Amino acid sequence: MLLKRILIGVAFILLACVPLVFSSYNVGLMGQFLALALVAMSISISWGIGGMLSLGQGLFFGLGGYALAMHLKLVATPKGELPDFMFYNGLEHMPWWWEPFTNPGFAMCAVVILPTLFAAFLGMVVFKRRITGVYVSLITQALVLAFVTLLNGAQPYTSGTNGITDYHTFLGIDLRTPEFRNQLYFATLVLVVLCYLGAKAFLTSHFGKVLLAIRDNENRVRFLGYDTSDYKIVAFAFSGMLAGISGALYALHKGTISPQMIDTSHSILFVVWVALAGRQSLGGAILGAVLVNFLQDKISTLFPEGWLYVMGGLFVLVAVYMPKGIIGTLEPLLSKVFKPKLSPRVELQKEQA
Amino acid sequence: MSPLLELQDITVSFDGFKALNSLNFSIAAGEIRMVIGPNGAGKSTMCDTIIGKVRPQHGKVLFEGREIQKLSEHKIVGLGIGRKFQAPGVLEALTVKENLQIAVRRNKQWYSSLFGRSATHEADDIEQVLNQVGLLEKMDSNASQLSHGEKQWLEIAMVLVQKPKLLLLDEPTAGMTAQETAQTATLLQSLAGEHSVLVIDHDMSFVELLAAPVTVLHMGTLFKQGSLQEIRDDSSVQEIYLGRAKQEGEHARA
Amino acid sequence: MIALEQHDTKLRMRSRGIFFWGGCRSVTIVFLLDQLVNGFSNGSILLLTAIGLALSFGLMRVINMAHGELLMIGGYVTYFCTRVMGPENFLWLAFPTAFVVTALLGVLLEFLVIRKLYGRTLDTLLATWGIGLILQQGARQLFGPTGVPVNAPSWLSGQWILGETSIPHVRIFVFILAIVVLLTTIALISKTRFGLNIRAVNQNREIASSLGINTKLIDMSIFAFGSGLAGIAGVGMALISSVTPTVGSSYIIGAFLVVMLGGMGSLWGTALAALLVAMVGAIASSLTTESLSQVVALVAVIVFLQLRPKGIFPQRGRSLEEA
Ligand SMILES: Nc1ncnc2c1ncn2[C@@H]1O[C@H](COP(=O)(O)OP(=O)(O)OP(=O)(O)O)[C@@H](O)[C@H]1O
Ligand SMILES: [Mg+2]
């Protein structure tokens, strides 16, 4: 336990040193990966701990991302004018639901609240009806498909497949300067650490124990007098919230948000980051997100055609040979080395449908 | 005095097969009751119906005079009914202590679990019940590492620690040694008066030890009810156990 | 409908200008009929895709996300058959070849991956998704991203004129194909010795195996058969839309919803669900835009699952209970 804490502390300190060592470009990249680490963490909570595999996490990620990007786009648009894509698509007035996003406070609240509410609503619809396992996965996947279809179809309002682009200032700061890159990186890191600690507190509370118990034996917990669906809904909403924050941060770092970043294949890719590192471990989720994205960046610049093969192979590898992920595989070894008598970890394969 | 729990004319059918058929049953406050019956008699289904796992097609379940057959499971449990399942169902991902911590919580709402602190009496309650079932040393081991008998004890402890008014124990002694069985009987007897206990078991030696009134279920209906002595001497009960009364039973059903 | 041809969508969007929500067009009967016909043929492809999925899920608890790519491969096989046999007679070669090719791929897939993952549904889902990605990228590199056209033979290119509307013969053909495949599959499962063994394994694996049924072989043959059906579906699909590397993935999610809606493994349920989803999509698309109608259909399925979480014809049996 202690060892694990030290490792995680060291990892965060190393992450904090990134801007001192790397070029501005790489810092920006690292910042993106950290932003994505949050969505990985969100999946680790809902899937690894809660046993609810969402293949539609892109939905919440996208809600958060779009909420912030809408604000940024409005800031980038001269007063009295329409955002460029609306103009090109022949809109004459700003839709009413765009208006409030002029306010940065509103936008930032929306980043947190929209995905949380939506996830809670979806959770109610699904978990109250006792829909479980692979049904949940397929339904969330269908929903993210519906969401992406909507985004693509409603071009005048959402900029369609192009996504929202061309924004450069946030709270009056120019996003493109190297100084801001560094600041944004630190801000992201701080946010990730905060979310990590928050999630840890969430999971080590009594709530977290009940959630874990529900994953393994929902009926048993129900007959101990718990309304298990409430617990699942709350965990799912919390996971949605983290995904939304992740999306907003990503939109800031990347300078654009588009349907391709959240569609079904991306949503399932999020899951693989988590599965690769170890689905039950929050730190593992961060590791997985950073690792796979780093790989992706390197491989896709070297062999642009090859990345998809590697990615496909990764899915198979993780599912067939490493269901516990890197952390889950290494942890027993580590604890053997450092602490001969540690209670064995629970089997991971329990949460299967 | 009105009974603590009453089943009125309960019918449960699975795809047309009536697992319970117009069953009437009641248990008073503080009473211990044995329920026996051949395999498939509907004993587990009766418990399932009380606790809300199975919904009756017909009939009422009254607990303290209140209809509960439509309440959701956690609410039924919240009224003070605890259930031990036939198949051991401890939470294997957690330690023995954590299992009990989950069971002991009074306020089981999510916000209380998330923001509330555990009440001070909880730790004492857990310790007490661990003492009762003799699992104090194993407090911090993983539930998955317990032996079958120990898992049974843990499950009983999880029911006890909730301090329910009514305990439903489905074959609590399965997989226990003779000594453990005797201990269980003593434990259950000590509960009488304060709690009502409904015990299902096949093990005749356990039934003898408990020396409680016995209800015999057969083909989904109440077949006989009486003191242990009466039931033991009843030839029709012996027959259904030996399967000879099969035809008779079917007549009775039709 | 989830997998309506994207080309149509785009064209219609463009020609109708830009209004997404607003353009509540006047619904004429003719237009509605057109949509229903489209719905029927899309429902047919959806059903063809879903039958294979329903088999592997209903009988083996296997979620095969690469099923769509098998469909795509069936499409490319059809394309090659047009090259080999010419534009008139290729179908006779395409059906058996597509079936055999995809069934063999299914055998390979089962042997290399699925077999190792029985009982781990979600891992199977991830692994097969990965395989789908690899197959997609392979197709992209071999045949290019744009896709290849397959033209229906001339004996299928006519139309059946019905008053003011007309139904293209290909669409009727695809519809009949779906019905034939459905009935054949049902007959295979309920009437043959092989089907009896399948049902035995499905109900109780241990007992079946103690009775001398080779359960592994049964698993493999169900999977291979389901995969082969994807190939057949691919031929049908190739006749009504162009074959691209991603065409399979555009059908797969809808097909899974259909399987869920049908009751996870009930073939009649699957058929009814495919019809239902297609009709909802068709009616919605006559009221709004294509993309919105897809959303409507998806949401309708989820709402329906609220009413019946286990689908139209829920499958019973102890082996199915946990999922
Ligand atoms: N979920 C179910 N679906 C279909 N049939 C069921 C279901 N649960 C129980 N049954 C049937 O109902 C009958 C009564 O079952 P029950 O488990 O209540 O018997 P029991 O008296 O507890 O038997 P045992 O002594 O074996 O535990 C049995 O024939 C059983 O097969
Ligand atoms: Mg029983």
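The values are calculated or read from the model by the stated rules, or taken from the named source; none is laboratory data. Keep in mind the model is a prediction, meaning the values are calculated, not measured. Ideal geometry is used to build each Cβ from the backbone, glycine not excepted, and the neighbour counts take in all protein chains shown. Please note that ligands, DNA and RNA were not included when accessible areas were found on the heavy atoms of the full protein model with its side chains. Shrake-Rupley method; radii C 1.70, N 1.55, O 1.52, S 1.80 Å.
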Using alpha carbons only, how many degrees (0 to 90, rounded to 10) separate the axis of helix C:193-203 from the longest principal axis of chain C? 80 degrees
Degrees, to the nearest 10: A:264-277 long Cα axis against longest axis of chain A: 40 degrees
Please give the average number of partner chain Cβ atoms lying within 10 Å of the Cβ of each residue in A:264-276, rounded to a whole number. 2
Partner chain coverage, peptide C:254-263 - average Cβ within 10 angstrom: 2
Test of understanding: given chain B, find the longest segment containing no GluC sites (Glu not before Pro) that are in a DSSP loop and have at most 15 other Cβ atoms within 10 Å. B:65-193
Just the number, please: carbon plus sulfur as a percent of the accessible area of segment C:118-187, 1.4 Å probe, no ligands or DNA/RNA counted. 68 percent
Taking chain A as a Gaussian network, Cα atoms linked when under 10 Å apart, which of A:TRP96, A:TRP47, A:TRP307 shows the biggest mean-square fluctuation? A:TRP96
Compare each residue of segment B:88-111 in its chain alone against the assembly with all protein chains, and report those whose accessible area goes down by 40 Å² or more; 1.4 Å probe, heavy atoms. B:LEU91, B:ALA93, B:LEU94, B:ILE102, B:LYS108, B:TRP110
Quick one: Cα convex hull volume of chain A, Å³ per residue? 143 Å³
Can you compute the FRET efficiency between C:ILE186 and C:GLU88 using 1/(1 + (r/R0)^6), with r the Cβ-Cβ distance and R0 = 25 Å? Round to the nearest 0.05. 0.20
Per residue, what accessible area does segment B:38-183 have, given a 1.4 Å probe and all protein chains present, in Å²? 42 Å²
Can you compute the FRET efficiency between C:THR215 and B:ASN39 using 1/(1 + (r/R0)^6), with r the Cβ-Cβ distance and R0 = 22 Å? Round to the nearest 0.05. 0.20
Listed peptides C:118-125, C:85-92, C:39-46 by packing density, highest first (mean Cβ within 10 Å): C:39-46, C:118-125, C:85-92
Per residue, how big is the convex hull of segment A:208-252 when only Cα atoms are used? Give it in Å³. 57 Å³
A:ASN219 and C:SER157 label points (each 7 Å along its Cα→Cβ direction) are spaced in nm at 6.0 nm
Using only the Cα atoms of segment C:48-168, what semi-axes does the equivalent ellipsoid have when each is the square root of 5 times a gyration tensor eigenvalue? Give whole Å, largest first. 32, 18, 13
Helix A:57-76 axis, angle to chain A major axis (alpha carbon atoms, nearest 10°): 30 degrees
Efficiency of FRET from Cβ geometry, B:PHE14 and B:TYR111, R₀ 56 Å, rounded to 0.05: 0.90
Springs between alpha-carbon pairs under 10 angstrom, Gaussian network model over chain A: which of A:ILE286, A:ILE43, A:ILE173 fluctuates most? A:ILE173
So, by mean Cβ neighbours within 10 angstrom, what's the order for C:194-204, C:56-66 with the highest one leading? C:56-66, C:194-204
10 Å binning of all Cα-Cα separations within segment C:139-203, expressed as whole percents from 0 upward: 17, 23, 23, 24, 12, 0
Along its principal axes, what span do the Cα atoms of the protein assembly as shown show, with the longest given first and each in whole Å? 89, 70, 54
Value of D in µm² per second that Stokes-Einstein yields for segment A:1-64, Kirkwood Rh from Cα pairs, at 4 °C (1.567 mPa s): 94 µm²/s
Which one of A:LEU29, A:LEU330, A:LEU269 has the biggest mean-square fluctuation once chain A is modelled by GNM with Cα springs under 10 Å? A:LEU330
Note down the Stokes-Einstein diffusion coefficient of segment A:52-176 in µm²/s, whole number, using a Kirkwood radius over alpha carbon pairs, 37 °C, and 0.692 mPa s. 208 µm²/s
Per the charge dipole of segment C:192-323 (beta-carbon charges, Lys/Arg positive, Asp/Glu negative, Cα centre), the residue among C:ALA273, C:PRO245, C:PHE313 reaching farthest to the positive end is C:PHE313
Buried accessible area for the C:A pair, summed, 1.4 Å probe, in Å² rounded to 100? 4400 Å²
Using only atoms on other chains, find how many Cβ atoms lie within 10 Å of each Cβ of peptide B:75-82 and report the average. 2
Wrap a convex hull around the Cα atoms of segment C:172-297, take a quarter of its surface area, and give that in square nanometres. 8.8 nm²
Which distance in nm do the two modelled labels at C:GLU206 and B:LYS163 give, with both placed 7 Å along the Cα-to-Cβ direction? 4.2 nm
Along the dipole axis of the protein assembly as shown (charges at Cβ: +1 for Lys and Arg, -1 for Asp and Glu; origin at the Cα centre), the most positive-end residue among C:GLY195, A:GLY284, B:PHE85 is A:GLY284
